[in-house]
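One structure below.
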Amino acid sequence: MRIIISPAKKMNMDTDSFPFRNLPQFLPQAEHIYEHLKQMDYGALKALWNCNNSIARLNAERLSTLNLRQNLTPAILAYEGIQYRYMAPHIFTSSELEYIEAHLRILSGLYGLLRPFDGVIPYRLEMQAKLQIGDAKDLYSYWGSLLACRLLEETDCIVNLASKEYSVCISRHLTRNVRLLTCVFGERRNGRIVEKGTLCKMARGEMVRYLAERQSGRPEEIKAFDRLNYRFASEESSRDTYVFIREGEGLEHE
């Protein structure tokens with residue numbers, strides 16, 4: 001079983017908490033993308049990143065000063081988004097860290113597929129960015145089936161905790177004998193199940209922590225997840241989609 005998650009836009013450098021173990025598996029491909037970005041002018045980069053001037057200046061400076069092989073941060077500590085805050089890898093036990101190193105994979109526009117202890121630098125590049133590199137019209141074309149093929153060398157059961165923007169680079173290349181189990185975190189609203197972005201990110205982080213604490217190796221164990229007021233909804237779920245409904249006191253109602 002492998003768990004896939006999305007990266008986060010906000011990143012930091014942390015070379016002190018614990019060291020990285022490996023260079024990313026697709027470092028040559030990442031370096032090719034990175035060199036392409038370094039050749040772009042500021043206006044083109046700002047448009048690609050779709051951000052304000054402050055963020056654009058920060059990331060342009062990173063492009064000009066950082067090296068993909070030096071001053072690296074373990075990937076699991078480099079991302080600062082909501083999902084990672086709720087995962088809270090800084091306080092994982094040794095056994096929990098070993099669990100995520102074995103089971104967790106982070107999808108990335110720049111690096112492709114990361115293990116938690118792969119060394120990375122701060123960057124800004126979403127998978128859906130309109131970046132043409134050579135014959136590849138975008139990053140989905142650039143990575144093609146490479147990421148899915150590498151993941152399938154490790155497992156035939158993938159637990160999907162990634163956003164669609166990222167999970168599609170795996171799902172569109174899977175064979176029929178591979179199980180892709182997607183977790184949905186929603187609320188009941190007017191007879192429908194509605195997902196809310198921030199709550200989903202929180203739940204995905206909590207789910208990774210939950211699985212690490214229990215050292216889970218079977219996808220069926222996911223059904224017992226009960227954090228943030230979520231409960232498994234068997235009537236809404238199927239073999240390849242586990243739906244968790246958020247219920248209880250303190251919820252907003254329409």
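Read-outs throughout are calculated quantities, based only on the coordinates presented, and are distinct from any laboratory measurement. Since we're looking at a predicted model, the values are computed, not measured. Every residue, glycine as well, gets a Cβ built from its backbone with ideal geometry; the counts of neighbours run over all protein chains shown.
So the values come out like this:
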quantity: Spacing of the two label points (7 Å from each Cα toward its C-beta) at Arg150 and Ala129, in nm; calculated: 1.7 nm
quantity: Efficiency of FRET from Cβ geometry, Ser141 and Ser238, R₀ 30 Å, rounded to 0.05; calculated: 0.45
quantity: Cα-based Lys pair tally, segment 2-246, threshold under 21 Å, eight or more apart or on separate chains; calculated: 23
quantity: Neighbour-limited loop hits for trypsin sites (Lys or Arg not before Pro), segment 84-148 (at most 14 other Cβ within 10 Å; DSSP other than H, G, I, E, B); calculated: Lys130, Lys137
quantity: Alpha-carbon Rg/Rh ratio, for segment 2-246, with Rh computed the Kirkwood way; calculated: 0.96
quantity: Distance between modelled label sites at Thr175 and Arg188, nm, 7 Å Cα→Cβ extension; calculated: 4.2 nm
quantity: Part-to-part distance (alpha-carbon centres) for segment 103-157 and segment 189-241, which is given in Å; calculated: 24 Å
quantity: Extension reserve of the Thr198-Ser95 stretch, reckoned as 0.36 nm per residue once the Cα distance is removed; calculated: 34.2 nm
quantity: Modelled label reach - Ser64, point 7 Å along Cα→Cβ, segment 108-135 residues with backbone N closer than 20 Å; calculated: 121-125
quantity: Where GluC sites (Glu not before Pro) fall in DSSP loop in segment 129-215, at most 16 other Cβ within 10 Å; calculated: Glu153, Glu154, Glu195
quantity: Estimated distance in nm for a label pair at Ala47 and Ser17, the labels positioned 7 Å out from Cα along Cα-to-Cβ; calculated: 3.7 nm
